[in-house]
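Participant: My questions will all concern the structure given below.
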Amino acid sequence: MILEVAILNVKESLQNEFEKDFTIASQYISSVKGYLGHKLKKCVENNSQYILLVEWEDIDSHEIGFRKSQVYLKWKELLHNYYDPFPTVEHYHTVFENKKPL
């Protein structure tokens, strides 16, 4: 499993519209083969900053399966105009994990 991480800086006063459009755009990313799940989290200290966490089976699922697809064009059309600056996207794999037992 690969974790895609992107810090999203949304233009001032557009946070509500961004969150609505992100909900719509989520249907596109979740339709791609190799997609496992995603979360959007809002920064407590900075109202216009978010972090996007997407779990993929592998990097190719994101870089090829999603980014070179028609659904990516819909994602891009809905969301890319909100960012300033445009986010850097990086991929991570787990080295260590510890969870509290239920």
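Bear in mind that the values in this text are calculations on the coordinates, not laboratory data. Please read all numbers here as calculations on a predicted model, not as lab measurements. No Cβ is skipped: glycine too gets one built from the backbone with ideal geometry, and neighbour counts run over all protein chains shown.
Participant: Please give the peptides 95-102, 52-59 ranked by average Cβ packing (other Cβ atoms within 10 Å per residue), highest first, as a rough proxy for protection.
Facilitator: Packing proxy ranking, top to bottom: 52-59, 95-102.
Participant: Which GluC sites (Glu not before Pro) in the range 1-37 sit in a loop by DSSP (not H, G, I, E or B) and have at most 15 other Cβ atoms within 10 Å of their own Cβ?
Facilitator: Glu12
Participant: Once you order the gyration tensor axes a ≥ b ≥ c over the Cα atoms, which shape class does the chain get: rounded for a/c under 1.5, otherwise prolate or oblate by comparing a/b with b/c? The partial results should precede the final answer.
Facilitator: Working: a/c = 1.88, a/b = 1.17, b/c = 1.60.
Oblate, since a/c reaches 1.5 and b/c is not below a/b.
Participant: Which FRET efficiency value, to the nearest 0.05, do you get for Tyr92 and Gln15 by plugging their Cβ-Cβ distance into 1/(1 + (r/R0)^6) with R0 = 30 Å? Show your work: numbers first, answer last.
Facilitator: Values: r = 26 Å, r/R0 = 0.86.
Once rounded, the FRET efficiency stands at 0.70.
Participant: How far apart, in nm, are two points set 7 Å out from the Cα along the Cα-to-Cβ line at Glu77 and at Lys42?
Facilitator: It works out to 2.7 nm between the two label points.
Participant: Just want to confirm a number: the relative contact order over the chain, from Cα pairs under 8 angstrom separated by 6+ residues, in percent.
Facilitator: Numbers: 155 pairs, mean separation 45.6, N = 102.
Rounded, it is 45 percent for the chain.
Participant: While we're here: Given axes a ≥ b ≥ c from the Cα gyration tensor, I'd like to know whether the range 1-46 is rounded (a/c under 1.5), prolate (a/b larger than b/c) or oblate. Walk me through the intermediate numbers first.
Facilitator: On the way: a/c = 3.06, a/b = 1.57, b/c = 1.95.
Taking the square roots of the gyration eigenvalues as a ≥ b ≥ c, the range 1-46 is oblate.
Participant: Explain nothing, just the number: dipole magnitude of the chain about its Cα centre with +1 on each Lys and Arg Cβ and -1 on each Asp and Glu Cβ, in debye rounded to the nearest 20.
Facilitator: 240
Participant: Can you give the extra length, in nm with one decimal, that the chain gains between Glu57 and Lys33 once fully stretched, where that is 0.36 nm per residue apart less the Cα-Cα distance?
Facilitator: Values: separation 24, 0.36 × 24 = 8.64 nm, distance 0.88 nm.
Contour length minus the Cα-Cα distance gives 7.8 nm.
Participant: Exactly which trypsin sites (Lys or Arg not before Pro) in the range 1-43 are in a DSSP loop and have at most 12 other Cβ atoms within 10 Å?
Facilitator: Here the sparse-neighbourhood loop sites are Lys33.
Participant: Find the centroid of the Cα atoms in the range 23-60 and in the range 71-102, then give the distance between the two in whole Å.
Facilitator: Going from one Cα centre to the other spans 5 Å.
Participant: Anything over 28 Å Cα to Cα? Flag those among Lys11/Lys100; Lys76/Lys100; Lys76/Lys99; Lys39/Lys68; Lys74/Lys100, in the order listed.
Facilitator: Distance filter (> 28 Å) returns Lys11/Lys100; Lys76/Lys100; Lys76/Lys99; Lys74/Lys100.
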